[in-house]
1. With unit charges on the beta carbon (Lys/Arg positive, Asp/Glu negative), name the residue among A229, T249, A209 whose Cα is farthest towards the positive pole of the charge dipole of the stretch 183-269.
2. Based on alpha-carbon positions alone, could you give the equivalent ellipsoid semi-axes of the stretch 55-169 from the gyration tensor, as √(5λ), descending, whole Å?
3. With a/c under 1.5 counting as rounded, go ahead and sort the stretch 183-269 into rounded, prolate or oblate using the C-alpha gyration tensor (a ≥ b ≥ c being the square roots of the eigenvalues; past the cut-off, prolate if a/b is larger than b/c, else oblate).
Amino acid sequence: MGFWGDQGENSGTFSLKIGKTLHPEPPNGRSLPPRKTFCRKPYIIKLWVICPTIFLDREKLMSSLLSAIPLDAIAYNPQGLVPAIAQDYLDATVLMMAWMNRESLEKTLTTGEAWYWSRSRQELWHKGATSGHIQKVRQIRYDCDSDAILLTIEQIGDIACHTGERSCFHQVNWQKSPPAADTLSELFKVICDRRDEPHPESYTCKLLAGGDNKILKKIGEESAEVVMACKDNDGDAIAAEVADLFYHTLVALAYHQVPLRDVYKKLQDRRR
């Protein structure tokens, strides 16, 4: 099952993977081609909502969507629960695992924010209600056996764990090599650490100490070297020079205290 809440200022798109394909009419008879498409199985409902603040109250809208979703298709365990994984929508980091029941899944769908079931307190749990670190849900999927849920979310505050860590899975027991997707984030963290706690012999610290002039000069040099490597059609050289350009650009971000996630968000906007 998929659920999207892709809203602009005055319009939104909500797409739901369920048991059959339907194409409801937008309000006032207006028609638009659906923007979301899915591969493989045609288990989709596509809904266009034009100016929802004018035509439909959000609660009424979400209630109407909820009535179309086969929540009973989820394979809950004997306690009526299903495991739910929350994953960052920008860099795919697995942030946490919690439990959902039918009611918490309904609340998640109607509010657009993650709700779970607390087994220890035996009550619904609105993630971030106390800390402010709520999770805005971008997409919901369930697996091939319908017994696990994947939430793609925007983590407000960038902290999902009660310990203050970004991810509950911050304890690494074994790792052959860092995941490729984490390399830029890990490198940026090291650069920021060097900025905040300088090491006299560190090349990064020397760059940061040189300020904009030194950093921007290196970015210019590395950009030119990328161009030359591409002109030479040398794959190894291109990879090496692009890596150098990435590194020096990350130093510039750290120097100006621009979070790497802001860059990820801009890249997300360019996925058209």
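1. A209
2. Values: eigenvalues 91, 62, 39 Å².
Sorted largest first and rounded, they come to 21, 18, 14 Å.
3. Values: a/c = 1.98, a/b = 1.36, b/c = 1.45.
It comes out oblate by the Cα gyration axes.
Only the coordinates and a few stated rules stand behind these numbers; no lab work does. Here the structure is a predicted model, which is why all the values come from computation and not from measurement. We place every Cβ from the backbone using ideal geometry, glycine too, and count neighbours over all the protein chains shown.
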